[in-house]
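Here the structure comes first, spelled out in structure tokens, and everything after it is commentary.
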Amino acid sequence: MKKELILILLCCSGLTAGAQQYLSREAYRDRVEAYSQVLKQQRLQTVASTEARKIASTGFLPQIDITAEGTANLNHLDQWNSPKGEYRPYTYQALATLAQPLYTGGSLIAQKQMAKADEELSQLTTELTLDQIHYQSDAVYWNASAARAGLEAAAAFQDIIQRQYDIIQDRFNDGAISRTDLLMISTRKKEAELQYIKARQNYTLALQKLNILMGVSPGTPVDSLCEISTPGEPVTLLGLDDVLPRRADYASTGLNIIRSEAQRHAALSKYNPQVSMFLATGWDTGITYMGQEIPHTPVAGINVSIPIFRWGARFKTNRQQKAYIGMQKLQQSYVTDNILEELSAATTKLTETEQQVKTARENMTLAEENLDLVTFSYNEGKSSMADVLSAQLSWTQAHTNLINAHLAAKMAVAEYRKVISE
């Protein structure tokens, strides 16, 4: 049976004719990462956050503005060129101003800290997106590999039924058996064909999804994949204290606390004194222009604003912002509990799926041996057709269970890697 199964697998390889290069899980992950539109969007968001931080830093620097304004009285346009000292129906002014904030109550520092926290949060969101993309690519890859294994199993089962059908057909033609056995095996043959069609459909859909996720046409021939039964690399189990520093969502909670603290300072800054200085120079005709010479007038000044009484708004604002900070600290504790739950579940799945694979493999061995013995006994006239059909059903169920167990084990590893942000 093993030799025949190998032949079936070789025949099935024709489904990916022309695809010679092996596509590993790591190579597929890289292709998905390179194509992902979601990841590209998040990286652009990080670029925008970086620029926002740079913009916030410009608030500390001097600012230069130029303003100009002109008016004309349309009722007295005939006096446009009146003699000096007489009314002229127009005015104008041009002013260049250099302003420098000296103390803004801490708002500029707080805004810079908030912008920096936003930039780092955006970077951490990119890491989270990358972890999700890696997990998604692994899931699609292993589902496609499992679908391929299911198709190969369906082809092998169809070949087993066909060989048994040929034997029974010959015996029926020789009059050695009744038509009942022929009808029973014929029914099982159609069931095997239907099972193969469903497996082929599942495999085709899995390949289409595989292709779309890495940005190629759904019908593109797919390179050979890693078999679902291939043993993976050993996984190193980590504790919660080792996992927390690796998780971007946990790091985000710390940054959110820092950002909330900066937000508190920004909200309180408007209740602090504000000091700025300016240097201005330009020309101004005044409200009414009498045609006289316009002198160049440089002006230096300083602005001071000191809030005195706001009906306790400062203290209320402070309590409000501290409540927001408390919410962020509770969120950090909540995220820690979620990570612990995910880590515990992922670790359990690693252990349990390993046992499932072991049991499913042993069951498959027993089912193969049982099918061989029952088929041989039937051909020798010592077993009934019902025994053969039961053994065949056990074989295909055992094969399906083994494939599902391997898939569960692969997905458990992928989920664990996602939990530890590997």
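Assorted remarks:
- Top positive-direction residue, dipole computed over the chain with Cβ charges, set Thr253, Gln42, Tyr90: Tyr90
- Cα-based Lys pair tally, region 169-307, threshold under 29 Å, eight or more apart or on separate chains: 4
- Which of Arg163, Arg417, Arg361, Arg319 is most accessible, then next, and so on - probe 1.4 Å: Arg319, Arg361, Arg163, Arg417
- Degrees, to the nearest 10: 25-35 long Cα axis against longest axis of the chain: 40 degrees
- Mean separation of Cα contacts under 8 Å (6+ apart) over length of the chain, as relative contact order %: 24 percent
- Note on region 312-334 and region 97-138: Cα centroid distance 20 Å, given to the nearest whole angstrom.
- Ordering Trp395, Met411, Ile339 by Cα displacement along the dipole of region 278-422 toward the positive end leaves Ile339 in first place; charges were set at the Cβ atoms of Lys, Arg (+1) and Asp, Glu (-1).
- Whole-Å distance, taken between Cα centres, linking region 369-393 and region 201-255: 42 Å
- Using Cβ point charges alone (K and R +1, D and E -1), the dipole size of the chain about the Cα centre works out to roughly 1280 debye.
- Residue of Ile287, Ile64, Ile161 that the Gaussian network model of the chain assigns the largest fluctuation, springs spanning Cα pairs under 10 Å: Ile287
- Remark: C-alpha extents of region 363-421 on the principal axes read 60, 15, 10 Å, sorted largest to smallest.
- Equivalent ellipsoid, region 314-422 (semi-axes from 5 times Cα gyration tensor eigenvalues, Å): 58, 12, 8
- Taking Ile212, Ile403 and ordering them by how much accessible surface each has at a 1.4 Å probe, largest first, produces Ile212, Ile403.
- Candidates Asn81, Asn256, Asn379: whichever shows maximal mean-square fluctuation once the chain is modelled as a Gaussian network with Cα springs under 10 Å: Asn81
- Candidates Asp166, Asp30, Asp174, ranked by Gaussian network fluctuation over the chain, Cα under 10 Å, top entry: Asp174
- Sequence-distant contacts, meaning Cα pairs under 8 Å at least 6 residues apart, place the relative contact order of region 350-422 at 48 percent.
The values are calculated or read from the model by the stated rules, or taken from the named source; none is laboratory data. Note that the coordinates shown come from a computational prediction; the quantities given were computed from them, not determined experimentally. Please note: Cβ atoms are built from the backbone with ideal geometry, for glycine as well, and neighbour counts cover all protein chains shown. Surface accessibility is based on the protein's heavy atoms, side chains included, excluding ligands, DNA and RNA. Shrake-Rupley method; radii C 1.70, N 1.55, O 1.52, S 1.80 Å.
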